[in-house]
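What follows is a short report on a single structure.
The values are calculated or read from the model by the stated rules, or taken from the named source; none is laboratory data. Worth saying up front: this structure is predicted, and the values here are computed from it rather than measured. Methodologically, a virtual Cβ is constructed for each residue, glycine included, from the backbone with ideal geometry; neighbour enumeration extends over all protein chains shown.
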Amino acid sequence: MSFSEDGNEEDRLRVIEVFQDIPGIRAFFTTRVGGVSEAPWNSLNLGDHVGDIPEHVQENRRKVRRLLPANARIFWMHQTHSAVVAEIAEDTQFLAPQEADAEYSRLSGKALAVMTADCIPVLVADVSGGFIAAVHCGWRGILGGIIENTLKGAAGSAAGHLAAVIGPCIRRDAFQVGPEVRDLFLNRDVAFSAYFTRDSSCEGKFLGDLPGIASNILRKCGVADIRDTGCCTYSDPQRFFSYRRDGCTGRLAGIIVRTR
C-alpha cells in the first residue's frame, strides 16, 4: 500500500492506495487532504450528513470519483451501526444510499464506499476475481456480526482467495471504553479479553483494540490475507478526521471497485 496524489499543487487530493497487487481491483482510502470544505470539515469531507455545505461535499465526491474508471458509479451507504449488508446487483438503483453498514458486489463498475471517522473501514476482495465488499465496523456492528454477515455474500469464493485490508481507524491507545463495553465483547467470546488492557490514566476504564478484534474475526471466517494500513485517525489530525477527538468533523471513505 502507498500514498498517491492527484491534482495540482494547490488542489492536491491524497489517498492511501491498497490492493495494488490484485489485478482488476482499484481500491483506496481517502485522507482529509485535498478537498474544498472549510473548518471544521476541512478539507476532503465526504459525509453529507455532518453539517457541511452540500455543494462542498458534492465537489469533494466529484474529486474522488475522478480517481475511478470512467464507467464506475459509487454506491454510498446510509450507515446506522447495524449488521445489515446490501448486495449491489445489476438492477440496483443509483438513487438514495442503501441503508446498510456493508455492501458487496460481483460486478465490474460498481464502486462500493464506506464512510468513517474512527470506526474501522474494511475492504475485501477475491484475489481470483469476482467478490468485493466495503464494511463499516464500529464496535456495535462488530458485536452484531457485520463482518460475518458480509462474508456470507462471498459464498462461492474460496476463503483462501479472499484478501481484506483495515483502513485508518482509532487504535488501542486512543479507544477508551467502560467495563460494560468490554463485557459485551467477552460475553460473545472470552478470547477477546486479549484485546483489552486497563487504562492506567483512568481508573475503571479500558483501552480496546478494535482492529485486532476485526482481524481475529476475519481469520475465523477463513480470510488468511489480512492487511492493515496501521493509520490511527485519532492521533493524526493532519491527515484524518476523528469523531472522538473533534466531535463535529468530516468523514473519510474507503472505496473499492472491480475494473474488469
Going by the conditions given, is residue 193 in a helix (DSSP H, G or I) and without any contact (Cβ under 8 Å) to a residue 12 or more places away in the chain? yes
Considering residues that are assigned to a helix (DSSP H, G or I) and either in contact (Cβ under 8 Å) with a residue 12 or more places away in the chain or under 15 Å from the mean Cα position of the chain (by Cα) (or both), the number found within region 218-239 is 1
For this session: Evaluate region 205-217: report whether one residue or more is part of a loop (DSSP other than H, G, I, E, B), more than 15 Å from the chain's Cα centre (by Cα) and not charged (D, E, K, R).
Result: no
- Can you confirm whether region 126-139 contains a residue that is more than 8 Å from the chain's Cα centre (by Cα), at pLDDT 95 or above and charged (D, E, K, R)? no
When region 182-198 is checked residue by residue, the ones that are buried (at least 18 other Cβ atoms within 10 Å of the Cβ) and either of a type in the set (Asp, Glu) or farther than 30 Å from residue 27 by Cα (or both) are 182, 185, 196
Among strands (runs of 3 or more DSSP E) completely within region 45-151, the ones holding 3 or more residues that are closer than 23 Å to residue 229 by Cβ, among the hydroxyl-bearing types (Ser, Thr, Tyr) and in contact (Cβ under 8 Å) with a residue 40 or more places away in the chain are none
| query | Just a yes or no: is a residue in region 240-248 in a loop (DSSP other than H, G, I, E, B), of a type in the set (Ser, Thr, Tyr) and surrounded by fewer than 18 Cβ atoms within 10 Å (Cβ to Cβ)? | reply | no
Restricted to region 152-167 and to residues being assigned to a loop (DSSP other than H, G, I, E, B) and modelled with pLDDT under 90, the residue surrounded by the most Cβ atoms within 10 Å (Cβ to Cβ) is 154
Counting only residues in region 7-43 that are acidic (Asp, Glu) and either within 14 Å of residue 238 (Cβ to Cβ) or part of a loop (DSSP other than H, G, I, E, B) (or both), the one modelled with the lowest pLDDT is identified as 21
Reported set for region 19-69 where residues are on the phi < 0 side of the Ramachandran plot and small (Gly, Ala, Ser) is 27, 35, 37, 39, 43, 47
